[in-house]
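Input: a single structure, listed below in structure tokens.
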Amino acid sequence: MLAYVIKRILSTLPVLGVVAIVVFLLLRLSPGDPAAIIAGDNASANDILQIREQLGLDRPYLEQFFGWIGQLITGDFGYSIYLKRPVLQLIGERVEPTLALSLSTMAFAIVLAVPLGVLAAWRAGTWIDQTIMAFAVMAFSVPVFLIGYGLVIQFSLTLNWLPVQGFVSIHKSVGDFIRHLVLPTMTLGLVYTALLARITRATMLEILNEDYIRTARAKGLTESRVLVLHALKNASVPIITTIGTGLALLIGGVVVTESVFAIPGIGRLTIEAVLQRDYPVIQGVILVIASVYVVVNLLIDLSYSLFDPRIRF
Amino acid sequence: MTQSLQQGLSHSGLSATRAGLRRLWRRYPLSLIGGFVLISLTVLSVLAPWLAPFDPFEMNVVDRLREPGEEYFFGTDAYGRDLFSRTLYGGRISLLIGLSVAGLSTLIGLLIGILAGYSRSADAVLMRIMDGLMAIPGILLAIALMSLARPGIGVVVVAITIPEIPRVVRLVRAVVLSVREQVYIQAAIATGTRLPRLMLKHILPNTLAPLIVQATYIAASAVLIESYLSFLGVGTPPEVPSWGNIIAEGRLYVQIAPWNIVCPSVFLALMVLSINMLGDGLRDMLDPRLQTRVR
């Protein structure tokens, strides 16, 4: 087990290495002078020169790369060109809304999608199954802003139940924190629910055809026991894997949802950085998010043996 | 006599097509609906210059933020531009981007995937690169790529294509790896079939079916991502009437003129939905395993 864990942890290093190279090359491979791109259209030659020196863009690529990696390892992600503050500090300030929205979306989707997927597989081929799957294809195709603005028009502007937009920190007021999260969570949650419901149904369909399910039913177990204890438990590994790989989709959705609801999270930070060509911030955000993705999927991989005792390392 | 024979032939051909369509309708009703909606949207978009009642760029301050009605089917925007005409033109951009991204990413992904599936040494390096690319959320990578060049439709296509490539590579590689173990491939190698012929004749056809399905999903996702990029202000240039841009401009007036957002969003949703429905149908049609499974 320990040997596997160490091997699996080491296997994330090349992935993170590639992410770092991509992030490094992003700016350097762009057509034109990177310093001029960062400086913007109205910059003077002097501004460009200053940026080039500040970012070390005048040094050889390899020297730049290893110098940069060395800084990253010590936790120095550089300074924002526009705000003149450490990138990690800027990201840290924006973590709460993004983390809150991601977690609440995930919880919402799991609570909704797993029962729907199980129900669809259990009643496969019937109108119940077809309705649930039609909903899943639709939720997957409808743009986030249509769901978002639809909910806002209905629940905020017409019924006046919930705030239109914004975010309140949990430290300030728990009630306001929750009220501001409801609509964004439902908006983004529907997309994620569709993804999870589809995979739950597909996995459950396969498992419900297994011999041990027939045995369980023959033993006279109640249908709910068969579905939950025998089938769903065995379906948990693919479902959890999808939750992990779906994280990329979720984070993409968070960026758009934050914009719809004016939530000051990491998504907004990224868009602001791109509009201002604040490269150290863009690089920092991509590195942090890709690392989160890699670490979460590593943990999910390692957790398989908890959910499925057949998997031994 | 020849004439009547021809008539009889064409008649039987027609009824065969009709019977085929009926069979398709029974088995894949959703895909047929999807296909029909997609074709309608395509026709509407392609014929936009002839169908649009107004010039999509023509501003008319007197008629700003008009409600949908007889004169303006979808109402007007804050500059008094006709939203119906703009929505039709927006469809052209979405179609163009969806098709280009699907074509480019499957082509590049196919080449890399075949290389990775065939050469073990290239495989190790290529797949690590793909793993790394997949760890970056697609929209985020596209947003970052958009900051590198002046916004334009070509840049949007490239920015959406790059994050899609790894998925195609993985798919093609998996197919190549399983196919190269088949006996008929071994036989082809043993009889001295050269590599290019082996690829073209034996390996490529096997990748075709899953690639077509994947390409439809990529097209749907590209249409959606383009609208997200434009909505966020980092997509197609603001003067282009793409659906994302129309919605981004309309969001300022969501309280007083919600049709600015709803009308283009519904078209966008219909297009993505119809492509996805078509993709689901193609997947079921092209995957023989799903045909025998109990439904």
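Bear in mind that the values in this text are calculations on the coordinates, not laboratory data. Everything numeric here is computed off the predicted structure, so don't read it as measured data. Neighbour counts are summed over all protein chains in view; Cβ atoms, including those assigned to glycine, are modelled from backbone coordinates with ideal geometry.
Annotations for the structure displayed:
- Local net charge near B:A16, Cβ-Cβ under 14 Å (Lys/Arg +1, Asp/Glu -1): +3
- Between B:T207, B:T17, B:T161, the Gaussian network model of chain B with springs among Cα atoms under 10 angstrom shows the greatest mean-square fluctuation at B:T17.
- Among the residues of B:239-252, the average count of other protein chain beta-carbon atoms within 10 Å of the residue beta-carbon is 1.
- Proximal lysines to A:K233, defined as alpha-carbon separation beneath 29 angstrom and excluding residues fewer than eight positions away on the same chain: A:K7, A:K219
- Placing +1 on the Cβ of every Lys and Arg and -1 on the Cβ of every Asp and Glu, with no other charges, gives region B:30-294 a dipole of roughly 1360 debye about its Cα centre.
- Residue order, fewest to most surrounding Cβ atoms within 10 angstrom, among B:L110, B:L96: B:L96, B:L110
- For the residues B:I185, B:I112, B:I246, a GNM of chain B with alpha-carbon springs under 10 Å puts the largest fluctuation on B:I185.
- Inter-chain shielding of B:267-279 (mean C-beta neighbours from other protein chains, 10 Å cut-off): 3
- Coordinate range of the alpha-carbon atoms in region B:50-174 per principal axis, descending: 67, 28, 21 Å.
- Rounded Å value of the spacing that divides the Cα centres of region B:30-87 and region A:89-144: 32 Å
- A Förster radius of 45 Å, combined with the Cβ-Cβ distance separating B:M199 from A:V182, puts the computed FRET efficiency at roughly 0.25.
- Angle in degrees between helix A:127-141 and the longest Cα principal axis of chain A, rounded to the nearest 10: 0 degrees
- Averaging Cα coordinates gives a centre for region B:116-144 and one for region A:266-313; these two points are 15 Å apart.
- Using R0 = 60 Å, the C-beta based FRET efficiency linking A:V296 and B:R18 works out to 0.70.
- Packing-based exposure ordering (other Cβ within 10 Å, fewest first) of A:Y293, A:Y279, B:Y118, A:Y61: A:Y61, B:Y118, A:Y293, A:Y279
- Label point distance in nm, A:N46-B:N60, each placed 7 Å from Cα along Cα→Cβ: 5.2 nm
- Per-residue Cβ neighbour counts within 10 Å put B:W25, B:W259, B:W50 in the sequence B:W50, B:W25, B:W259, beginning with the fewest.
- Alpha-carbon centroids, region A:146-171 and region A:1-62: separation in whole Å: 39 Å
- Once the Cα atoms are used to define both axes, helix A:266-275 deviates from the longest principal axis of chain A by about 40 degrees.
- Within chain B, longest stretch clear of exposed GluC sites (Glu not before Pro) (DSSP loop, no more than 15 other Cβ within 10 Å): B:72-180
- The per residue volume of the convex hull around the alpha-carbon atoms of region B:30-294 is 157 Å³.
- Here's the list of aspartates and glutamates a cross-link from B:K201 could span, going by alpha-carbon distance under 17 Å and ignoring same-chain residues fewer than 8 apart: B:E181.
- GNM top mover of A:L275, A:L101, A:L247 - chain A, alpha-carbon springs below 10 Å: A:L275
- Cα→Cβ-extended label distance, 7 Å offset, between A:F307 and A:I21, nm: 3.2 nm
- Only helical runs count toward this figure. For the protein assembly as shown, summing -39,500 (n - 2.57) over DSSP H runs of n ≥ 4 and dividing by all residues gives -24000 deg cm²/dmol at 222 nm.
- Average beta-carbon neighbours from other chains, 10 Å sphere, peptide A:291-299: 1
- Using the Cβ-Cβ distance between A:W161 and B:R180 with R0 set to 45 Å, the FRET efficiency from 1/(1 + (r/R0)^6) comes to roughly 0.15.
- q = 0.08, 0.10 Å⁻¹, the protein assembly as shown: log10 I(q)/I(0) [Debye, one scatterer per Cα]: -0.65, -1.02
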